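Readers should treat all values here as calculations from the given coordinates under stated rules, not as data from a laboratory. All figures in this text were calculated on a predicted structure; none of them were measured in a lab. Cβ: placed from backbone, ideal geometry, glycine included. Neighbour counts: every protein chain shown.
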Amino acid sequence: MTSFKIIFALFYDLILLCAVWFVAAIPFVIWQGEGFEKDPIRLLGFQLYLLTITYFYLTYFWTQSGQTPGLRTWKMQLVRTDGYLLTRHNANLRFLLTVFLWPIGWIGLFTPQKQLVQDRLSHTKIIAVLDINAD
């Protein structure tokens, strides 16, 4: 598996997540009204709200199938080091590490193991998935 596939999967997921953020922002903007971004407290609330949306989006896919839409498209899966799907604990740890280590965590892609720092610390890994429907 190449580092480029992981990066492409990230960008694919980021595009979809932007659409989710856009839709999720509508009720917040309607509730807070125009110009809420000028108030630091309300802006921080909005950012935490979007971070929470991101948490639910990513951890749902990680715990249900191990594949976000980007990982599924590039035929990869996020699993624990023992090969099983992530538990809620694994997903929470990986998400927190991803947030706190951004962008440092991505340096691991350019090592021989091609494993993200947050994956090493949360005992998870991204693996290639064989396409069983291929002819």
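Here are some notes:
- Distance histogram in 5 Å bins (all Cα pairs of segment 6-135, percent per bin): 2, 10, 17, 21, 19, 12, 9, 6, 3, 1, 0, 0
- Computed from backbone phi, the HN-Hα couplings of segment 114-128 come to 6, 10, 5, 4, 5, 6, 4, 6, 9, 6, 10, 7, 9, 10, 7 Hz, rounded to whole numbers (Karplus: 6.51 cos²θ - 1.76 cosθ + 1.60, θ = phi - 60°; Gly and Pro given as x).
- The chain: angle of helix 88-101 to the longest principal axis, Cα-based, in degrees nearest 10: 70 degrees
- If the segment from T52 to K75 were pulled out straight at 0.36 nm per residue, it would be longer than the present Cα-Cα gap by 5.6 nm.
- When you filter the chymotrypsin sites (Phe, Trp or Tyr not before Pro) in segment 35-123 for DSSP loop state and at most 16 other Cβ atoms inside 10 Å of their Cβ, you are left with Y84.
- Between 0 and 90 degrees, the angle of helix 3-32 with respect to the longest Cα principal axis of the chain falls at about 20 degrees.
- Couplings for segment 57-64, taken from phi via the Karplus curve 6.51 cos²θ - 1.76 cosθ + 1.60 with θ = phi - 60°, read 4, 6, 5, 4, 5, 4, 8, 7 Hz in order; Gly and Pro are left as x.
- Whole-number D in µm²/s for segment 77-124 (Stokes-Einstein; Kirkwood sum over Cα pairs; 20 °C, 1.002 mPa s): 200 µm²/s
- Translational diffusion of segment 20-81 was estimated from the Stokes-Einstein equation, with Rh taken as the Kirkwood radius over Cα pairs; at 25 °C and 0.890 mPa s the coefficient is 183 µm²/s.
- Mean separation of Cα contacts under 8 Å (6+ apart) over length of the chain, as relative contact order %: 25 percent
- Computing FRET efficiency as 1/(1 + (r/R0)^6) for I127 and V23, where r is the C-beta to C-beta distance and R0 is 30 Å, gives about 0.45.
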